[in-house]
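No value in this document is a laboratory result; all are computed from the given coordinates. Owing to the predicted nature of the structure, the values given are computational and were not obtained by experimental measurement. Here Cβ is always computed from backbone atoms with ideal geometry, including for glycine, and neighbour counts include all displayed protein chains.
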Amino acid sequence: MHLGKQARHNEVWFQAWQKNFRNKQLQTDYHIARTEIQKRVRKLKNDWWIKKSEEPQTLADSHCSKEFFAATRKLYGPSSGGARPISGKDGIVYKEREKILQRWGEHFSELLNQESTVNDNITDTLPQARIRYN
């Protein structure tokens, strides 16, 4: 057991790497190699996308919409998974699609089917604006 601040010990390989990396030529070589690898990876990705896009493009050109969307889904993968959870009036969080839809139905039913707070007699006493015809 040690009291006070403990000395940090770096791994031997890390110390050797640090010492070598201070060498300007090694730094330059590292950056050149990294740049070259990034270029290659970008080119490979671009070539992959071009190859993959040929099938959906052919289907789009031939107006095969069903096959086009199937190929697009295959290319991009499945869409986001399901509906987002929603809280009920009682504080319970609903995660099932049916319960979520039912809760949204309740919400909009309450929102859109409220009793009118406007007194009909007041609207009759409002002055009417003149309608201008051109």
What is the sum of charges around Ile92, taking Lys and Arg as +1, Asp and Glu as -1, for the other residues whose C-beta is under 11 Å from the C-beta of Ile92? +3
Note, the stretch 47-56: 3J(HN,Hα) by Karplus (6.51, -1.76, 1.60, θ = phi - 60°), whole Hz, Gly/Pro = x, goes 4, 4, 5, 4, 5, 5, 7, 5, 5, x
Largest-first principal axis extents of the Cα set of the stretch 13-79 (Å): 62, 22, 11
For Tyr94, other-chain or 5+-apart residues with amide H closer than 5 Å (H placed, Pro excluded) are Ile86, Ser87, Gly88
Quick one: what Rg and Dmax do you get for the stretch 71-134 from the alpha carbons, in Å? 23.3, 64
Under a plain spin-label model, where a point goes 7 Å from the Cα along Cα-to-Cβ, how far apart in nm are Lys43 and Arg97? 4.6
